[in-house]
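The structure appears right after this line, and notes come after that.
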Amino acid sequence: MTMRNDPCWCGSGKKYKKCHEAFDRTLMDLKKKGCKVPTHKMIKSEEDMKWIREAAKVNNGALDLVQSKIKAGMTTNEIDKMVHDYTIEHGGIPACLGYEGFPKSCCTSINDQVCHGIPDDTVLEDGDIVNVDCTTIVNGHYADASRMFCIGKVSPAAKKLVDVTKECLEAGIAAVKPWGHLGDVGAAIQEIAHANGYSVVLDYCGHGVGNDFHEDPMVQHVGTRGTGIILAPGMVFTIEPMINEGVCSLFIDADNDWTSYTDDGKLSAQWEHTIAVHDDGVEIIAW
Ligand code: MF3
Ligand code: CO
Ligand code: CO
C-alpha cells in the first residue's frame, strides 16, 4: 500500500497523492464493477515514454528508408541490411536480431506469408505485396511497427487487401479511448475485415511493448465491445492485424520454425503501429 506522501509507484518522483492516487481509485472502482484492469507494470512512466519515442524515431526512420528504396529486383537480404545499418548508425539496436534465435534484423513477409518471414536471397518481383516489420531498442526501450509495400504493379485484389488491412489498423486505433475497453479494438478491426470478405488471423496478436519486446496485455484483433482489459493512460501497446484474403488458418515453415503461411495459399497483409494511451486520447508512437 502506497502512503499518500510516499513517492508514486510510477517513478515520476512526485508524491503519490499528486500523481497516481486518483488513477488507482478509478481502477479500484472499475474492478469492483467487474472490469479487468491493468497492473502497474503495464503503466509506463514519463521516462519510459521518452525512450520509447526515441526508439520509435529510429524505427520510423528505418521504415521510411525501406519505403524510399524498395523495388522489384531487390532481395529481402538487402532490405535487412538497410534496416540493420540504419538502426545501428542512428544509435539503436535491431530487436529482432537474435531474438529467440531469429537470425535477421527485421521480418519480410511476402504474399501468402503471414508474418516472421526471414530475409534471404529471395528477389522481390513485380506484383508482390510485402510486409517489413522492424523493432528498435534505444536505451533498453522498444518500438515496433510494420508497413506493407506494393512492388511494381500489383493486382487490384492485392491492393484492396493491403488498403483494407490499413483501414483495419486505423479503425482499431480510433477505438482506443482512455478508460475504454480493449475488446473495442478487436471488434472494430474484425467488423471491417469481415465486411470485406476477409478473415482475421487469430494465432498472432498485438502486445504491450516498451520496456520489453512483448509485454502484457495481449491485443487480439477480434473482440467484443465493452469487454477486455481497461485501457488506462500510460499503457503502450501494438495493434498489428494480419488479415487474410481466404481462410485465417496458417502453418509454420518446418525448416525455419518461424515463417507462417496461409493454409490456402491466398494473400495475407499486415500493418503495425505502437500506440500510447493518454488522459486526452491516443498517441501513435511508431508507424
Ligand atoms: N515485430 C514482430 C511483432 O510485431 C515480432 C518479430 S519477432 C522476430 O511482434 F523474432 F521474428 F523478429
Ligand atoms: Co509487434
Ligand atoms: Co512488429
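The values are calculated or read from the model by the stated rules, or taken from the named source; none is laboratory data. For clarity, every value in this text was computed on a predicted model and none was experimentally measured. Please note: Cβ atoms are built from the backbone with ideal geometry, for glycine as well, and neighbour counts cover all protein chains shown. For accessibility, only protein heavy atoms count, side chains too; no ligands or nucleic acids. Shrake-Rupley method; radii C 1.70, N 1.55, O 1.52, S 1.80 Å.
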(request) State the three equivalent ellipsoid semi-axes of segment 140-206, derived from the C-alpha gyration tensor as the square roots of 5 times its eigenvalues, in descending order and whole Å. (result) 24, 17, 10
(request) Please name which of THR136, VAL200, HIS181 has its Cα lying farthest along the dipole of the chain towards the positive end, using unit charges on Cβ (Lys, Arg +1; Asp, Glu -1) and the Cα centre as origin. (result) HIS181
(message) Restricting to DSSP H runs of at least four residues, report the calculated mean residue ellipticity at 222 nm for the chain, -39500 (n - 2.57) per run over all residues, nearest 500 deg cm²/dmol.
(response) -9500 deg cm²/dmol
(request) Consider just the alpha-carbon atoms of segment 135-262 and return their Rg together with their Dmax, both in angstrom. (result) 15.4, 44
(message) Which one, GLY34, ILE275, VAL164, is farthest towards the positive end of the dipole of the chain when Lys and Arg carry +1 and Asp and Glu -1 on their Cβ?
(response) GLY34
(request) Any chance you could get the radius of gyration and Dmax over the Cα atoms of the chain, in Å? (result) 19.4, 63
(request) Counting only heavy atoms of the protein chains, get the accessible area per residue of the chain (1.4 Å probe) and round it to a whole Å² value. (result) 45 Å²
(request) Could you grab the relative contact order for segment 36-286? Cα pairs under 8 Å, six or more apart, rounded to a whole percent. (result) 23 percent
(message) Around MET242, under 10 Å between beta carbons, what's the net of Lys plus Arg minus Asp minus Glu among the other residues?
(response) -3
(message) With angles folded into 0 to 90 degrees, how steeply does helix 76-89 sit against the dominant principal axis of the chain? Use alpha carbons for both and round to 10.
(response) 40 degrees
(request) For segment 36-286, give the magnitude of the charge dipole about the Cα centre (Cβ charges: +1 Lys/Arg, -1 Asp/Glu; no others), in debye to the nearest 20. (result) 600 debye
(request) Run the accessible area of segment 49-118 with a 1.4 Å probe and give the carbon-and-sulfur part as a rounded percent. (result) 54 percent
(request) May I ask for the distance between the Cα centers of segment 254-280 and segment 164-235, given as a whole number of Å? (result) 13 Å
(message) From the C-alpha coordinates alone, can you work out the Kirkwood hydrodynamic radius of segment 104-148, in Å?
(response) 11.5 Å
(request) Arrange the peptides 223-236, 101-114, 3-16 so that the one whose residues have, on average, the most other Cβ atoms within 10 Å appears first. (result) 101-114, 223-236, 3-16
(request) Translational diffusion coefficient, Stokes-Einstein: compute it for segment 1-145 using the Kirkwood radius over C-alpha pairs as Rh, at 10 °C and 1.306 mPa s, and state it as an integer in µm² s⁻¹. (result) 89 µm²/s
(message) For the chain, take the longest principal axis of its alpha carbons; what is the angle in degrees between that and the long axis of helix 156-174, to the nearest 10 within 0 to 90?
(response) 10 degrees
